[in-house]
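The values are calculated or read from the model by the stated rules, or taken from the named source; none is laboratory data. These figures come from a predicted structure and were not determined experimentally. Using ideal geometry, Cβ is built from the backbone for each residue, glycine included, and neighbour counts are taken over all protein chains shown.
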Amino acid sequence: MDSYKNIKISDFNYNLPEPKIAKYPLTERDNSRLLVWNNGKIEGDIFSNCINFLPQNAQLIFNNTRVIHARLFFRKETGSKIEIFCLEPLNPVDYQLAFQEKKQVTWKCMVGNSKKWKSGVLLREIEISGKKTTLQAERFQQEGNSFHIKFSWDNSFTFAEIIEHTGTLPIPPYLNRDTEDSDEETYQTVYAKFDGSVAAPTAGLHFTESVFEGLTNKNISTKEITLHVGAGTFQPVKSKTIEGHNMHREMVIIPKNIIEGFYQNSKKIIAVGTTSVRSLESLYWLGLQMEENRFNAESPEILQWEPYENNAKIEFKKALKNILNYLEQTNKSAIQFTTQIIILPGYNFRVIEGMFTNFHQPQSTLLLLISAFLGDNWKDVYEYALSNDFRFLSYGDSNLYLK
């Protein structure tokens, strides 16, 4: 395990000039460029042709989370502007229930200009469909660099309506610009369904209805899971070695019928995005917990170092069977858990055989995940992309990695 913890983040650096970062997406999503790495061979194409590179009977797994208007702005009587960035619900803890609440909710939030808001209640008058209400925000305990914030309001709106009409869609900080009206559409996947993310699963931004039709015609199945992307996805690694980095937790929901499908056929699973990679690989470790009677049904979670502290000796199919047995015994339609998994060079992938992803920031945990799949080949991939004018980061071009 120590060898994993001693990985130096400086070994995963590369020069990313500012002009290479795509500030806006292309007009047509599937006109973005595609870099394909297949067992060491690199070639470039257009994303709309991605179907030509996928194996027959591949299974593509998509993250259907939807980005919420997570940024709420208030102004104190003194004139100070306070930003509350909603990260995840605390009461109720279930996302869907939290969004359906009509009087009050408590969320874990980051607070901008927090020094100006030590105590007291923030108020904001809002109007939705001709009806007025007052949104109140009250700050409670601090947890690291975030706070517990209770929101309350005096009308029959749901919290989903409150933030949809009042909040602002967050876009990645490295774009160095304000959110614009166009981002409302372009920073959501065409298949986004369930509210909860503060960042888009950007590998999915390239997919269009036309691409989905092509997948169907080639007998490539498409399945959906949910991981609500947290702000931690942009958290830089500040420690010299990965041991000092505290990986963020994210909520994962995988329907029972998807797990049943994997149990029948666990071959050629290709994840669309690193969030899908983390979700699917975490599924294996969850099944292993059940095998070893370590599963916590009250609060299921995969911790950061779990894959490196365990000599896993069961097949993926056995892990799936364990999860299916649990779901049947508890009469649940989906497995829901949090994952803190960090995927590093040397990690043994148990589930996926390929992935779609975008280009990632230097010295990021996402680049470490890519290196875990490609090995040192990631350097060749990124050098090829930089030399051939590919567009980088969230609104940039796509990659397809296959083994």
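Below is a table of values for the structure above.
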| read-out | value |
| --- | --- |
| Lone unmet requirement of (1) at pLDDT 95 or above; (2) within 24 Å of the chain's Cα centre (by Cα) for LYS5 | (1) |
| Residue match in region 212-224 (condition: among the aromatic types (Phe, Trp, Tyr) and touching a residue at least 60 places away in the same chain (Cβ under 8 Å)) | no |
| THR179 vs. criteria β-branched (Val, Ile, Thr), surrounded by 14 or more Cβ atoms within 10 Å (Cβ to Cβ), modelled with pLDDT of 90 or more and not assigned by TED's automatic domain parsing to the domain that holds PHE74 | yes |
| Residue satisfying all of: in region 62-71; touching a Lys or Arg at 6+ places or on another chain (Cβ under 8 Å) and more than 13 Å from TYR95 (Cα to Cα); surrounded by the fewest Cβ atoms within 10 Å (Cβ to Cβ) among these | ASN64 |
| Single condition ILE68 does not satisfy, out of (1) on the phi > 0 side of the Ramachandran plot; (2) touching a Cys at 6+ places or on another chain (Cβ under 8 Å); (3) not polar (S, T, N, Q) | (1) |
| Residues of region 234-251 satisfying the condition of being in a helix (DSSP H, G or I) and surrounded by fewer than 20 Cβ atoms within 10 Å (Cβ to Cβ) | PHE234, GLU243, GLY244 |
| Which listed residue is under 24 Å from GLN56 (Cα atoms) and either hydroxyl-bearing (Ser, Thr, Tyr) or in a helix (DSSP H, G or I) (or both), from LYS317, LYS321, LYS267 | LYS317 |
| All positions within region 278-310 that are within 22 Å of the chain's Cα centre (by Cα), hydrophobic (A, V, I, L, M, F, W, C) and surrounded by 19 or more Cβ atoms within 10 Å (Cβ to Cβ) | LEU280, LEU283, TRP285, LEU286, ILE302 |
| Residue check, VAL272 within 22 Å of GLN363 (Cα to Cα), among the aliphatic types (A, V, I, L, M), out of contact with any Phe, Trp or Tyr (no Cβ under 7 Å at 6 or more places or on another chain) and surrounded by 21 or more Cβ atoms within 10 Å (Cβ to Cβ) | no |
| Near pairs, Cβ below 8 angstrom, 6+ apart or cross-chain, from region 353-364 (under 21 Å from LYS23 (Cβ atoms)) to any residue that is small (Gly, Ala, Ser) and assigned to a strand (DSSP E or B) | THR357/SER398; ASN358/SER398 |
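A quick yes/no check of all residues on (1) more than 22 Å from GLU185 (Cα to Cα); (2) in contact with a strand residue (DSSP E or B) (Cβ under 6 Å, 6 or more places away or on another chain):
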site: ILE82; (1), (2): yes, yes
site: LEU87; (1), (2): no, yes
site: VAL105; (1), (2): yes, yes
site: LYS108; (1), (2): yes, yes
site: VAL121; (1), (2): yes, yes
site: LYS150; (1), (2): yes, yes
site: ILE163; (1), (2): no, no
